């Protein structure tokens, strides 16, 4: 027998790689036919077990959106994904520790090898809803993986309920030694940009360049400034010196006074008086501070100087303060327009979103007007200022254009590094958000009535948000309004950085539909809040259009609730632009069934010399069969029979292609469907039967007949291969052997299919497919591979977790077992010169398969190969089970249990919301039962922290002692003897201090126990201060009996400390 370790044929390696796509497909995809999903339909096999665990943790609310190209999550959402750890809530960096613990525990889903080493916190922010957003940058072996980032979001109690990512799988195997020096990279970056040789550069940074749609590469990244309107970001391959990216990051488009603007309208102004002269500087906004001097709006005048004259050696020069001799009568119309419009834009963000200036930190807003030469308006991310040409159009007069440019500043300031890199889809999102908020700013100034046009007062309308194709671009490209019209362009200046100003119109259209379309929309008030929240809390540097969709829905749920009208309308708006998404289908987590309690008996086929053909034999000791067995039927076809779970009935195909059915104990068989049966399968509980049909003249067809034996229904299924973004294709010729899962949810079958090689040539091979017995949809398990035939699948007997099958390469068959829960696959045997027709034994501890045997007349016998505990490798030597036979299966006669109902568990005491006095001692009692087995284990959790485990009866109570003041939320988890689990509803307990509102407990670790009175129930954030001015959060808790109970363990030797409880929305 060939050792498994030397099976190295490349085709077998391809099979193993393909087996990573092996999945149970218990749930049909949510994507309607004909709609292209921009998310993956199924997880990778290695992600399944972790997703199943998250599904259980979230109480079935998990929604996992994965990128189709990499399967890295776009977004994970669940309520919760992880409970807060009371030991970390309110502690310094406690939220970071909980987030990193979550990412490490679920690294298989994120496709990261070691998140603790690969992720570094770069920003922390708590919003007005009390939600915390942590942003982590991706690293590998000390180098930044740019622009990869993960956002972890938690609610006011500290529970993690949303994670969004633009990371890539850990780039293992990457050559980390640069062959191109920093100096060489700088020279090549300069050479790649017109005029670059005279520009100023930053020091090159060595990093791993990892765009979502390309392989990761070692690269040098630097910034190159050439004049005022060119601030380039350049990435150079550190191995080959090629230019990977070059993108211009310049984003184009309290004395009372007054002046006339470019539209001839007299505008009220706030200007500055100093030394008898008035300056176009507005210090009236809440952001203004005198020391240090900051937080003003200042307009400067270029007086016709060109871009090249304004920036010299990367310094801004030749700009002048705008002055006047009186607060009114300003004659510089460009400056008046800019000052008034920036004031309006600032007021919008402050009043509508509580954002203090573009960066949320009250930074000054500075703009330069009347720049000479050709050009328009643009935001410069390096200088963080706005610039306006005046010869081509009156850009400073356009409020929506100024709002557009200021919004670029907002995006550039989110988090620590900004969001929405200005290239490709992320750049188009940057442009779209700028268009949207430019329009919202103008709408507010006009009394709340948007015209949905960008550049209303310009000589030429720039974009139409409601009807993008209505505006004809100068380059004759039509603005798209839906994803099927998306314009693919190169990431070059000539290609508009991948179409950032073109494809942005698709998201613009979605916003219009959400706000005012779709039969009225939800209105701009709700829409602008949703999209602002999406920009500031759900976007990352490399976010794509699909990130905007799932982020906007999550934002609507944050603000208005899950299933709210707003959340539904947001989804409808993105559907209308053909930007579809669906969470992956997480396969059902299989549980163990008990093996039938009876000895192993055998059915086998053997060559019968009396009939000169194959007969079906039986050996069952309880029936008095001799060692040579008893003949049950003659003229059997060499295919695997089906036997019911309790070992009472068997079905097989005859040589004449009829279906034969017989009672194992007393026969004879009955025959039906003469000449019409290619292959057959019966479910273990005899609820279903499946037949691969032949035509009336005996030719195999591409149809399956499914019989529902309980409801007496019959269904004919046409065999077609599913395609990701189109209708199924008819490339399946016919099916062969098949098998039902023990839970009767899935039929796995082999089928002869036609595939296509990379060079376009076609081939025919056998692959494996599933049929969902609820939706009757077909999914690919193992796609056909040229030169390799896969078939004869058989499910395990005690769970729906394992499948064994043949993989025939040339003349030899490699016997594979695949674990549908983990996706792992192993070779457990080899059949030389033939197929093995493998199957599991009654307890799944071994398989049977046929192999060459030169010691018997037929040259073939069936062997029993024991398996390791994980079923994925052989354990010890095989032994001959049946001599002189090409096919054999075992059965056990007895009571067959087809399902395993999960246990139930609930708290019985104390009552939810009970309050005790510190130090508290009490018992937690519960009721745990299992309807079809027994309880094997009970666990007690506080948040995600395991407190207690009991593995022996009685399963009735847990004692709790020495509990200190605070709020505690517990839940129980029960496991039955077959692996099923259930989680209880939460139990909330309050522990109050022993002496009124506050008690200082003198322990080795000092703590202050307190009770803070509240007027309402709900969630509160506990804060402390030493001066009643600066407040620091200690964590979020729930109020019980109009009080928040808390133990402050962060005490130091301070003279005083004040506490308060702040109600959370």
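The numbers here are math on the coordinates, done by the rules we state, and not lab data. A quick note: this is a predicted structure, and the numbers were derived from the prediction, not measured. So basically every Cβ, Gly included, is an ideal-geometry build from the backbone, and we count neighbours across all protein chains shown.
Please state the equivalent ellipsoid semi-axes for the range 340-388: what are the square roots of 5 times the Cα gyration tensor eigenvalues, largest first, in whole Å? Kindly include the intermediate steps, with their values, before the conclusion.
Values: eigenvalues 107, 29, 12 Å².
Whole-Å semi-axes of the equivalent ellipsoid: 23, 12, 8.
Residue separation times 0.36 nm, minus the C-alpha to C-alpha distance between residue 451 and residue 786: what's the value?
Numbers: separation 335, 0.36 × 335 = 120.60 nm, distance 5.84 nm.
My answer for the length gained is 114.8 nm.
What is the distance in Å between the Cα centres of the range 744-779 and the range 352-373?
Each part reduced to its Cα centre gives a spacing of 58 Å.
In nanometres, what is the gap between the two model label sites at residue 914 and residue 961, each 7 Å from Cα along Cα-to-Cβ?
Placing both labels 7 Å along Cα→Cβ, they lie 1.7 nm apart.
Determine the gain in length on full extension of the stretch residue 873-residue 321; use 0.36 nm per residue of separation and subtract their C-alpha separation, reporting nm with one decimal.
On the way: separation 552, 0.36 × 552 = 198.72 nm, distance 7.91 nm.
Gain in length upon complete extension: 190.8 nm.
Please compute the Kirkwood hydrodynamic radius over the range 736-851, one decimal place, Å, based on all pairs of different Cα atoms. Write out the running numbers ahead of the final one.
Details: mean 1/r = 0.0690 Å⁻¹.
Mean inverse Cα-Cα distance, inverted, gives 14.5 Å.
Say R0 is 51 Å: what FRET efficiency, to the nearest 0.05, do residue 671 and residue 477 get from their beta-carbon distance?
Details: r = 69 Å, r/R0 = 1.35.
It comes to 0.15.
Report the paramagnetic label zone for residue 757: residues of the range 701-723 whose backbone N is under 18 Å from a point 7 Å from Cα along the Cα-to-Cβ axis.
So the set is empty, nothing qualifies.
Is it possible to state the helix-based mean residue ellipticity at 222 nm for the chain, with each DSSP H run of 4+ residues giving -39500 (n - 2.57), the sum divided by total residues, to the nearest 500 deg cm²/dmol? What is it? Show your work: numbers first, answer last.
Working: 15 runs with 170 residues, N = 1065.
Estimated from H runs of four or more residues: -5000 deg cm²/dmol.
Normalised radius of gyration for the range 285-349, please: alpha carbon Rg relative to 2.2 N^0.38 Å, two decimal places.
Numbers: Rg = 14.1 Å, N = 65, 2.2 N^0.38 = 10.7 Å.
Expressed relative to 2.2 N^0.38 Å, the Cα Rg reads 1.31.
Give me the log10 of I(q) over I(0) for the range 904-992 at q = 0.25 Å⁻¹, as the Debye formula computes it from C-alpha points; what are the numbers?
-1.29
Give the calculated FRET efficiency between residue 198 and residue 123 to the nearest 0.05, with a Förster radius of 41 Å applied to their Cβ-Cβ distance.
My answer for the efficiency is 0.70.
Starting from the 7 Å offset along Cα-to-Cβ, what nm value, one decimal, do you get for the label separation of residue 856 and residue 656?
2.8
With just the Cα atoms defining each centre, how far is the range 265-321 from the range 652-720? Give it in Å.
85
Whole angstrom only: what separates the Cα centroid of the range 807-833 from the Cα centroid of the range 503-537?
52
Between residue 568 and residue 70, what's the calculated FRET efficiency when r is the beta-carbon distance and R0 is 25 Å? Round to 0.05. Display every interim value, and only then the final one.
On the way: r = 29 Å, r/R0 = 1.18.
Rounded to the nearest 0.05, the efficiency is 0.25.
Normalise the Cα radius of gyration of the range 34-165 by 2.2 N^0.38 Å (N = residues in it) and let me know the number. Can you show the working numbers first?
Working: Rg = 14.6 Å, N = 132, 2.2 N^0.38 = 14.1 Å.
Computed over Cα atoms of the range 34-165, the ratio equals 1.04.
Using only the alpha-carbon atoms of the chain, report the extent along each of the three principal axes, biggest first, to the nearest angstrom.
122, 78, 58
Diagonalise the Cα gyration tensor of the range 182-246 and give the resulting equivalent ellipsoid semi-axes, square root of 5 times each eigenvalue, largest first, whole Å. Walk me through the numbers on the way to the answer.
Numbers: eigenvalues 81, 28, 18 Å².
After scaling each eigenvalue by five and taking roots: 20, 12, 9 Å.
Relative contact order, percent, of the range 182-246 when contacts are C-alpha pairs under 8 Å separated by at least 6 residues?
Working: 124 pairs, mean separation 19.7, N = 65.
With pairs under 8 Å counted, the relative contact order is 30 percent.
Listed highest first by mean packing, meaning other Cβ atoms within 10 Å per residue, what order do 356-366, 835-845, 948-958 come in?
Working: 356-366: 19.5, 835-845: 23.0, 948-958: 13.4.
Result, highest mean Cβ count within 10 Å first: 835-845, 356-366, 948-958.
I need the semi-axes of the equivalent ellipsoid of the range 142-297: take the C-alpha gyration tensor, multiply each eigenvalue by 5, square-root it, list largest first in whole angstrom.
Working: eigenvalues 379, 138, 42 Å².
In descending order the semi-axes read 44, 26, 14 Å.
Mind giving me the nanometre distance, one decimal, between the label points for residue 184 and residue 625, set 7 Å out from Cα along Cα→Cβ?
Rounded to a tenth, the inter-label distance reads 7.3 nm.
Which shape class, rounded, prolate or oblate, goes with the range 525-626 when its Cα gyration tensor gives a ≥ b ≥ c as root eigenvalues, a/c under 1.5 marks rounded, and past that a/b bigger than b/c marks prolate? Before the final figure, lay out each step's value.
Details: a/c = 5.39, a/b = 3.61, b/c = 1.49.
Because a/c hits 1.5 or more and a/b exceeds b/c, the range 525-626 counts as prolate.
With 18 Å as the cut-off, how large is the P(r) tail for the range 371-413, expressed as percent of Cα-Cα pairs?
25
Can you give the convex hull volume of the alpha carbon atoms of the range 601-891 per residue, in Å³? Intermediate values should be presented prior to the final figure.
Values: hull volume 41.8 nm³, N = 291.
Taking only Cα atoms, the range 601-891 has a hull volume of 144 Å³ per residue.
Over the C-alpha atoms of the range 394-477, what are the Rg and the largest Cα-to-Cα span, Dmax, in Å?
13.2, 39
So how do 600-612, 695-707, 570-582 stack up, highest first, on mean other-Cβ count within 10 Å? Working shown, then result.
Details: 600-612: 17.9, 695-707: 14.8, 570-582: 21.1.
Those peptides, ordered most packed to least, come out 570-582, 600-612, 695-707.
Taking 0.36 nm per residue of sequence separation and subtracting the Cα-Cα distance, how much length would be gained by fully extending the chain between residue 713 and residue 1015, in nm to one decimal? Spell out each step's value before the answer.
Values: separation 302, 0.36 × 302 = 108.72 nm, distance 6.13 nm.
Between residue 713 and residue 1015, full extension yields 102.6 nm more.
Ranked highest first by average number of other Cβ atoms within 10 Å, how do 867-877, 448-458 line up? Could you put the intermediate results ahead of the total?
Numbers: 867-877: 14.8, 448-458: 17.9.
Sorting 867-877, 448-458 by mean packing, highest first, produces 448-458, 867-877.
What does DSSP give for the chain in terms of the percent of beta bridges that are antiparallel, rounded to the nearest 5?
On the way: 229 of 245 bridges.
Bridges in the chain that DSSP calls antiparallel: roughly 95 percent.
How big is the convex hull of the Cα atoms of the range 803-943, per residue, in Å³?
159
Out of every Cα-Cα pair in the range 249-413, what percent are more than 21 Å apart?
Details: 5684 of 13530 pairs.
Percent of Cα pairs beyond 21 Å in the range 249-413: 42.
Starting from the alpha-carbon convex hull of the range 123-234, give the projected area averaged over all orientations, in nm².
Mean projected area of the Cα convex hull: 9.6 nm².
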